[in-house]
C-alpha cells in the first residue's frame with residue numbers, strides 16, 4: 001500500500017500526537033506545584049466572592065501569620081517525605097524544643113529538673129534549637145542504625161518527646177509577660193503599605209528560599225531525591241543512602257528548632273500541650289503541595305502553597321460564617337485528590 | 001597454561017568465596033580479564049556470575065580470596081571505591097534514578113560543582129557543564145534518540161534507559177566496564193545497538209566483562225568466554241575453539257575441557 005518510509009513517518013506522527021489529557025499529564029509531571037497553585041487560586045476567588053473582606057490587606061496579613069508555624073515545620077516534613085520517610089513526631093519535637101527555650105529563659109520555679117534555668121535568653125534560644133537538632137539525631141539514628149521504618153520510629157518518639165516535655169517542664173505554660181523580649185522577637189511586625197508582616201513570616205520565606213536552593217542546586221539535594229526515588233539505585237550509584245537519610249533527619253531537627261522559636265514569637269507564650277492537628281497539618285501541606293508520599297518527587301514551593309491552602313480554607317470559611325467542620329471536610333478531599341493526581345502523574349510517558 | 005603469567009591481568013580474582021547463609025555463591029572462583037578484550041561470563045542460574053561481578057563492582061565483598069586490579073591488591077567496600085579504580089558497572093537493574101533527569105543520572109554520586117567561590121561556599125552544582133558533557137557522551141556512543149538531556153529518566157523507553165546506564169559507565173570507566181545482562185529487556189534493534197556500543201568500548205581500549213544468557217550475542221562480541229559452574233570456573237574458551245553446544249555442555253557439567261586446551265589468557 002505504502003512505501004516503508006511513509007509508514008515510519010506515520011508511526012512517528014502517531015508517537016508525536018498526544019491527547020490533551022496526556023499533555024496536561026506531562027505538564028503536571030514537569031511542574032508538580034501547578035495543581036496546588038490552581039486549587040489555591042480557586043479558593044481565593046471563591047472566598048472573595050463569599051466575603052469581599054477576604055482580600056483586605058489586614059486579612060491577608062493574618063493568613064500569612066496563621067501559616068507561619070505549619071509552613072515552617074512543613075519544610076522539615078518535605079525533606080523527610082522526599083526520602084520516602086515520614087515524621088509523626090514533628091509537633092512533639094517542636095514543643096519539647098519550645099519548652100526548653102522558654103524554661104531556660106525564664107526563672108521557672110516549677111521546673112525543678114532544670115537547675116540552670118534563668119539563663120541569658122539568647123543562650124536559651126540556641127539551646128532550644130539544639131534540642132530540636134537532638135530530636136532529629138535520635139530519629140535518624142533509630143531509623144538508620146536499627147533499620148526501623150520511619151513511621152514506627154517517629155510514632156514512638158512522638159510519645160517519648162511528649163512525655164519528656166511533661167516530665168521536665170511539668171504542665172506549666174510560660175506566660176507572655178514572663179517571656180523575655182528576644183524570645184518573642186519573631187512575633188514583631190512591620191508594615192508594607194497596609195500589610196502587616198511578621199518577622200517570623202520573613203524568616204519562613206528565607207528558609208523556603210534557602211532549602212529550595214539546596215534541594216535544587218547541590219549534590220546533597222539531588223541525593224535526597226535519589227534516595228527517596230530508588231534507594232537501591234542510589235546505593236549502587238555510590239551514594240551512601242544511610243548517611244543521606246540520617247542527615248535529612250538532623251537538618252529537619254534544626255528546622256524544627258527554629259520553628260519552635262517562631263512559635264513562641266507567634267503565640268507569645270509557650271504551652272506544653274501541642275496543637276493535636278499540627279503533625280497531620282504538616283503532612284497535609286506536603287501532600288496537597290504535590291510531594292509524593294512514596295518519596296523522590298515534589299517541591300518546596302508546592303509545600304508552601306499547600307500550607308497556604310490549609311490556612312486560606314480555614315480563614316475563608318470563618319469569614320463566610322461557615323462551620324470549621326467544612327475545613328476538615330475540604331482538607332480531607334484535597335488530600336485524597338492530591339494522592340490520586342500523584343499516582344496518575346507517575347504513569348507519564350515520553 | 002604457564003605462559004599467561006607474563007602479562008598482568010586488568011582484573012584478577014583468586015579463590016574468591018562468597019556465601020549467603022547456607023548458599024555458596026562463589027566456591028573458590030578464579031577469574032582473569034586482560035586489557036582490551038571482551039570477556040563474556042556465562043553460566044547456569046546460581047553459577048555465581050552475578051555475585052562474581054558484584055565483588056568486582058564493589059556492591060558486595062568476598063568472604064575469602066583476593067582481588068587485583070592491574071596487579072595491585074584491591075578491596076572494594078562500596079561501588080564508589082570500585083569506580084575510583086576505574087571499574088564501572090551497568091547493573092541489571094540499571095541503577096538509575098527514575099525521577100531525576102538524564103544529566104543528573106550520568107553524574108549521580110560524582111556531581112561537578114561550579115568553579116571558584118560559588119562552588120566552594122554555596123556548593124552550587126555546575127548543571128550547565130554536566131548537561132553539555134552528558135550530551136557529548138551520549139553522542140560519542142551514537143545515541144541520538146535522546147532529544148532532551150533534562151528529560152526525566154522515567155519518561156524514557158527501556159532501550160533509552162539502558163543507553164543512559166551504558167553511557168554513564170562509558171563516560172567514567174577508565175579501565176573496565178562490567179555489563180550485567182545488558183540486552184535482557186531489549187528488542188532486536190536495541191540489542192544490536194548495545195552490542196555495537198560494547199565493540200566501540202573495546203576499540204577505545206577498555207576491557208569489558210559481559211554477563212549474558214544470550215549465546216548468539218556472546219559469540220558475536222566476546223573474545224573469550226568464562227564459563228562458571230557451581231561457584232567455580234569450569235573453563236575458559238573462545239568462540240573459535242568451542243561451539244555454542246560445547247559451552248552449554250560445560251555449563252551443565254556434561255563436558256570438561258582439560259586446562260591445556262583452555263584459553264586462560266588471550267592469544268598473543
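All of the numbers you see were taken from the coordinates with simple rules; none came from a lab. What you see is a predicted model, and the numbers here were worked out from it, not measured in a lab. Backbone-built Cβ (ideal geometry, glycine too); neighbour counts: all protein chains shown.
Data overview
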| read-out | value |
| --- | --- |
| Exposure proxy ranking, count of Cβ atoms within 10 Å, fewest first, for B:226, A:29 | A:29, B:226 |
| Neighbouring partner chain Cβ atoms per residue of B:103-116, average, 10 Å criterion | 3 |
| Förster radius 35 Å - calculated FRET efficiency between residue A:45 and residue A:177, Cβ distance, rounded to 0.05 | 0.25 |
| In Å, descending, principal axis extents of the Cα set of the stretch A:31-344 | 56, 56, 33 |
| Average beta-carbon neighbours from other chains, 10 Å sphere, peptide B:87-98 | 4 |
| Crossing angle, helix A:90-105 versus chain A [Cα axis fit, 0-90 degrees, rounded to tens] | 30 |
| Calculated diffusion of the protein assembly as shown, Stokes-Einstein form, Kirkwood radius summed over Cα pairs, 20 °C and 1.002 mPa s, µm²/s | 77 |
| Where labels lie 7 Å past Cα in the beta-carbon direction, separation of residue A:170 and residue B:27 in nm | 7.2 |
| Sequence of A:281, B:203, A:342, B:246 once ranked by neighbouring C-beta atoms within 10 Å, starting from the fewest | B:203, B:246, A:342, A:281 |
| In nm, spacing of pseudo-spin labels at residue B:121 and residue A:185 (7 Å Cα→C-beta vector) | 2.2 |
| Per-pair calculated FRET efficiency, R0 = 25 Å: residue B:199 and residue B:243 via Cβ, rounded to 0.05 | 0.70 |
| Estimated inter-spin distance, residue A:325 and residue A:22, nm [label 7 Å along Cα→Cβ] | 4.6 |
| Zone residues, the stretch A:199-232, relative to residue B:129, backbone N less than 20 Å from point 7 Å out along Cα-to-Cβ | A:214-223 |
| Folded to 0 to 90 degrees: helix B:127-140 orientation relative to chain B principal axis, Cα | 40 |
| Angle in degrees between helix A:4-16 and the longest Cα principal axis of chain A, rounded to the nearest 10 | 20 |
| Fewest-first ranking of A:297, B:129, using other Cβ atoms within 10 Å as the exposure measure | B:129, A:297 |
| Efficiency of FRET between residue B:189 and residue B:139 - r from beta-carbon atoms, R0 22 angstrom, step 0.05 | 0.70 |
